[in-house]
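J.: The structure is given below, and queries will be raised subsequently.
The values are calculated or read from the model by the stated rules, or taken from the named source; none is laboratory data. All figures in this text were calculated on a predicted structure; none of them were measured in a lab. When we count neighbours, we look across all protein chains shown, and the Cβ atoms used for this are built from the backbone with ideal geometry, even at glycine. Ligands, DNA and RNA are stripped out before the accessible areas are found, and what is left, the full protein with its side chains, is counted by its heavy atoms. Shrake-Rupley method; radii C 1.70, N 1.55, O 1.52, S 1.80 Å.
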Amino acid sequence: MMDFLDIAKAGPAIPELIIAVSALGLLMLGAFKKGESSDLVNSLALFAMALAGGAIILTSGPSQSAFHNAFVVDTFSRFMKILVLFGSSATLIMSVQFMKQERIDKFEYPVLILLATLGMMMMISANGLISLYMGLELQSLALYVVAAFNRDSTRSSEAGLKYFVLGALSSGMLLYGSSLVYGFTGSVNFDTIAAFLKANDAGVGLTFGLVFVIAGLAFKISAVPFHMWTPDVYEGSPTPVAAFFAAAPKIAAMSILIRTMISPFPAIAADWQQIIVFVSIASMVLGAFAAIGQTNIKRLLAYSSIGHMGFALVGLAAGSTEGIRGVILYMTIYMLMTLGSFACVLAMKRDGQRLEDISDLAGLSRNSKMMAFVLSMFMFSLAGIPPLAGFFGKYFVFLAAIKAGLYPLAIIGVLASVVGAFYYLRIVKIMYFDEPEDAFEPMAGELKMIIAVSGLFVVLFALFANPLVNLANAAAVSIF
Amino acid sequence: MTVAALFFYLFAFTAIAAAIMVIFARNPVHSVMFLILAFVNAAGLFILIGAEFLAMILIVVYVGAVMVLFLFVVMMLDIDFSKLREGLNSYLPLGAVIGLIMMTELLMILTSWNIDPQAATVVASPIPDGVTNTEAIGLLLYTRYIYFFQAAGLVLLVAMIGAIVLTLHHRPNIRRQNIEDQIARHPHSAIEVKDVKPGQGV
């Protein structure tokens, strides 16, 4: 009986509570305020995210758990949550102009982004299969809606529907896997599962369940062979939404994939490492080859993101602290590169017409030197050319893979990144050596800001790499 | 005891038979009806094990709301099921192979399954004395599982916001009935009395 009355200690979840309460409040504000409310809701949503970020930084300390160990807060989760909040707020900032011009500037958009962010934070902190699923579903459901947010466009509706149907399928697989894991270990809590597996051998059934869990999570990070939705959804959904998909949800899904592998299943690491190695190789290779033939830059970035997920998984496949540190750094760098590239795509506008073809970038260097330079820096960085940030991301994951003795994986990864460099460099070539087209419209101020921040990060990464690597190291140590 | 056993078998057999009929009924409306029958019998089973709250929830939520909605959808969609079944024979071999693979996989899992000896005691754990099962559920749901409960609430909220965002059209030039305005109408503002002089017209 007393157990029933034991009130859940919710202290560590204060950042989540801030986001949840402000999402509810902003929903009311938007619904009841007379007249145009999207600007106000947008800025308040940004403020709420900043507040939550501040709360995360202020409450830093040792690992804590809440809600009967269903929710855990450690350095890893804090780091990833800050990243997610940064990604979400950058998307909100990037969306303002776009949504206005497309006449879809409704107050529900920031509210849905807030709720998706909440789902991601819940995923990152999930310490059990139920909390994992709840966070994942909250996040995905909000994402399906924002994918179809431009509901008068057939492509956007198609993107939303496609994402929804495939997402429902992946949720089903995840649930099926979770039920098997629960059945064979007797618990949904990660710590209890880990303790059980230390003492017992769960057999083939657990591995079977684990495969389904990984399949469900691999869908969310769009790793091969669960990547089919990515190019279509990125192409169809509004560009800032595509930028959002490429940034924050990937961070959250990657974090929960890391936690789900490292925290409950260290005892059967050999089993899941095989799967991760396969998924990683397949993603790197497909990302490198399928992007070559693309003409639409959003599709190209979609394939590029598939490839990058493969590179990040190399670190997870190593399964060591160094590997996880590599993944954390890789995801940080990846997010900033992607946000910057998408901000450049958002700036591709001529005569009020939005452009998405790579050929529209032709001769950009002569019309807009700065944008061409920054975009080529992003492309060099995505390709992994030193001394830009992307190189260090790859360096840390491959280093971990080699130390873990995964030589074939590292070699295939390096080869794939060489192939991938081809299409990134092609964009640079188009911008600098092709016959120029008409100039783009001047860039909006907030896009300039995003591009400047991510551009500086990418170019100057080597200067402040040390503190960031130390932070990532502390985060990686905290989940083992 | 015997009466309870009798009812158990009655409910259990009807539920299974109804569930089978859901799959085999040719008319989708009949399928939905059989599903309702299966739910009602499942509710009966819940009552037999003393979980009357769950039984009532099952009837109210599933039969009362979900199934009625289903019935509307099925009737409105007007799907021609004989057309859907046309390609059945050509797909049957492939379907059978997939079914067989799934079956072997399930058998593999079942053979490696060992039930924890403590599981039986957990299953049979009774509700504490003096607490109705509604209260017992509430006590767990709002304390120990408050996080999941609230998270589920947020998921449903997102579904609701999504449905509204994607379907609600505000059309400003449509004339709607505004009862407040209608009631607030006053003869002074609605009727104008003209004093028409004889022989002059308006």
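J.: Quick one: buried accessible area between A and B, total over both chains, 1.4 angstrom probe, nearest 100 Å²? Working shown, then result.
T.: Numbers: alone 18350 and 17540 Å², together 32840 Å².
That pair hides around 3000 Å² of surface in total.
J.: How long, wide and thick is region A:50-145, going by the Cα atoms along their three principal axes, in whole angstroms, largest first?
T.: Principal axes ranked by extent give 46, 27, 15 Å for the Cα atoms.
J.: Here's another thing I want to ask about it. Per residue, how much accessible surface does the protein assembly as shown expose to a 1.4 Å probe? Answer in Å², no decimals. Intermediate results must be reported in sequence, preceding the final value.
T.: Details: 32840 Å² over 682 residues.
Averaged over the residues of the protein assembly as shown, the accessible area is 48 Å².
J.: Still on this structure: By how many nm would the segment from B:ASN89 to B:ALA5 grow when fully extended, if each residue of separation counts as 0.36 nm and the alpha-carbon distance is taken off? Write out the running numbers ahead of the final one.
T.: Values: separation 84, 0.36 × 84 = 30.24 nm, distance 4.30 nm.
Net length gain for the segment: 25.9 nm.
J.: Now, a different point. Given a Förster radius of 45 Å and the C-beta distance between A:ILE57 and B:HIS170 as r, what FRET efficiency does 1/(1 + (r/R0)^6) yield to the nearest 0.05? It would help to have the intermediate numbers written out before the result.
T.: Values: r = 41 Å, r/R0 = 0.91.
With a Förster radius of 45 Å, E is 0.65.
J.: At a 1.4 Å probe, what is the % contribution of carbon and sulfur to the accessible area of region A:53-161?
T.: Numbers: 1880 of 3140 Å².
Carbon plus sulfur share of accessible area: 60 percent.
J.: Okay, moving on. How big is Rg to Rh over chain A, alpha-carbon atoms, Rh as the Kirkwood inverse-mean-distance radius? Could the numbers behind the result be given before it?
T.: On the way: Rg = 21.5 Å, Rh = 22.4 Å.
Rounded to two decimals, Rg over Rh is 0.96.
J.: Convex hull over the Cα atoms of region A:281-356, averaged projected area in nm²?
T.: Numbers: hull surface 20.3 nm².
In nm², the orientation-averaged hull projection of region A:281-356 is 5.1.
J.: If you average the alpha carbon positions of region A:375-406 and of region A:264-293, how far apart do those two centres end up, in angstrom?
T.: 17 Å
J.: A follow-up question, please. Select from chain A the helices, each a whole stretch of DSSP H, whose alpha-carbon atoms run 24 Å or more along the helix axis and whose Kyte-Doolittle mean is at least 0.0; answer none if there are none.
T.: A:14-32, A:38-58, A:75-101, A:108-125, A:129-147, A:154-185, A:204-220, A:269-290, A:297-318, A:321-346, A:407-433
J.: Continuing with the same structure: Step through the table entries A:LYS106/A:LYS162; A:LYS33/A:LYS250; A:LYS198/A:LYS394; A:LYS394/A:LYS429; A:LYS298/B:LYS83, compare each Cα-Cα distance with 28 Å, and write down the pairs that go over it.
T.: On the way: A:LYS106/A:LYS162 23 Å; A:LYS33/A:LYS250 34 Å; A:LYS198/A:LYS394 33 Å; A:LYS394/A:LYS429 23 Å; A:LYS298/B:LYS83 39 Å.
Checking Cα-Cα distances, A:LYS33/A:LYS250; A:LYS198/A:LYS394; A:LYS298/B:LYS83 exceed 28 Å.
J.: A further question on this structure: Only protein chains counted, 1.4 angstrom probe. Which residues of region A:126-168 are at least 50 Å² less accessible in the assembly than when their chain is isolated?
T.: A:MET134, A:LEU138, A:LEU141, A:VAL145, A:ARG151
J.: Let me ask something else about it. Using alpha carbon centroids, what distance separates region A:30-100 and region A:304-331, in Å?
T.: 25 Å
J.: Taking the alpha-carbon set of region A:1-120, what are its Rg and Dmax in Å?
T.: Gyration radius and largest Cα-Cα distance of region A:1-120: 16.4, 58 Å.
J.: How far apart, in nm, are two points set 7 Å out from the Cα along the Cα-to-Cβ line at A:SER359 and at B:HIS30?
T.: Simple spin-label model gives 5.9 nm for this pair.
J.: Please report the carbon-and-sulfur percent of the accessible area for region B:1-72; probe 1.4 Å, protein heavy atoms only, DNA, RNA and ligands left out.
T.: Within region B:1-72, the accessible surface is 85 percent carbon and sulfur.
J.: When only alpha-carbon atoms count, how far does region B:1-86 stretch along each of its three principal axes, as whole angstroms with the largest first?
T.: 50, 23, 11
J.: Could you tell me how far the Cα centroid of region B:124-202 sits from the Cα centroid of region A:159-220, in Å?
T.: So the two Cα centres are separated by 39 Å.
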